[in-house]
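Participant: I'd like to ask some things about the structure below.
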Amino acid sequence: MSSLAIKQMIATLEEQLQAGHNVKSQLDNLYKQRDAEQKAVVDAALAVKHQAEIEQKKLDKKMKIKRYEPEAEYVPPPPAGRTIQCCDCSTEFFFAQKEEELFAAEGMQPRKRCAPCLQIKKDKQPPQPQPIVLECVCKAHFIFTIGSQKHFKAQGWAAPKRCPPCREAKKAQRDVVPVAEAQALASDIAAGAEVV
């Protein structure tokens, strides 16, 4: 798998991990693959550099040029700090000494959570509404969709008691004027009586 594909898979699995899915083992395997690939790239670059140095030495020897060579390559010391285990996901993360000093200066406790868990805690939102199956007065079951739930909540209405076909039937029944009333109204209008 290419390094780009690994990075994309890691991003996808981190999003799934934040969404609460159990993908920790897959994520750990991808981290190992990514680290191994990065190490292989670094090793290859070092091998090429070493080969170039050997070629340069051969050329210098042939041309009788003496070059200054440092005794050892400078390797910066590892950053100061400590490794802490996350209280949520048990992953180890690095807590730098500068961060620790900053936390102490501000009077705060050291971090207990890794960056992804901190983000999850920060972004914690109330659960999103899910479609609900309701039972109609006619004993039929119907789905109360998320969009309908939001609309009903915005209007301040309670959940519906009737399924869509029963609602339409009730609306049609409410809109139809009984025939006897319609005939009486028509005769009153024809007679010139005042309609109230």
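Participant: Within the range 12-58, track down each residue that is more than 30 Å from Ser90 (Cβ to Cβ) and among the small types (Gly, Ala, Ser).
Facilitator: Across the range 12-58, the qualifying residues are Ala44, Ala45, Ala47, Ala52.
Participant: When you scan the range 122-196 for helices (runs of 4 or more DSSP H) that lie fully inside it, which ones turn up with 3 or more residues that are under 30 Å from Ala19 (Cβ atoms) and modelled with pLDDT of 70 or more? Spell out the reasoning first.
Facilitator: Working: elements: 146-155, 164-175, 179-191.
Output list reads 146-155.
Participant: Would you check which residues across the range 104-127 are farther than 21 Å from Pro78 by Cα and surrounded by 13 or more Cβ atoms within 10 Å (Cβ to Cβ) and list them? Outline the logic, then answer.
Facilitator: Taking the range 104-127 as the starting set, the residues that turn out to be farther than 21 Å from Pro78 by Cα are 104-109, 112-113, 116-127.
Lys112, Arg113, Pro116, Cys117, Leu118, Gln119, Ile120, listed by residue number.
Participant: For the range 154-172, how many residues meet the condition of being more than 15 Å from Leu134 (Cβ to Cβ) and charged (D, E, K, R)? Quick ask: steps written out before the conclusion?
Facilitator: Of the range 154-172, the ones more than 15 Å from Leu134 (Cβ to Cβ) are 154-156, 168-172.
Filter once more, keeping what is charged (D, E, K, R): 168, 170-171.
Number satisfying all stated conditions: 3.
The values are calculated or read from the model by the stated rules, or taken from the named source; none is laboratory data. This structure is a prediction, so every number in the text was calculated from the model and none was measured. Note that we place each Cβ from the backbone using ideal geometry, even for glycine, and neighbour counts take in every protein chain shown.
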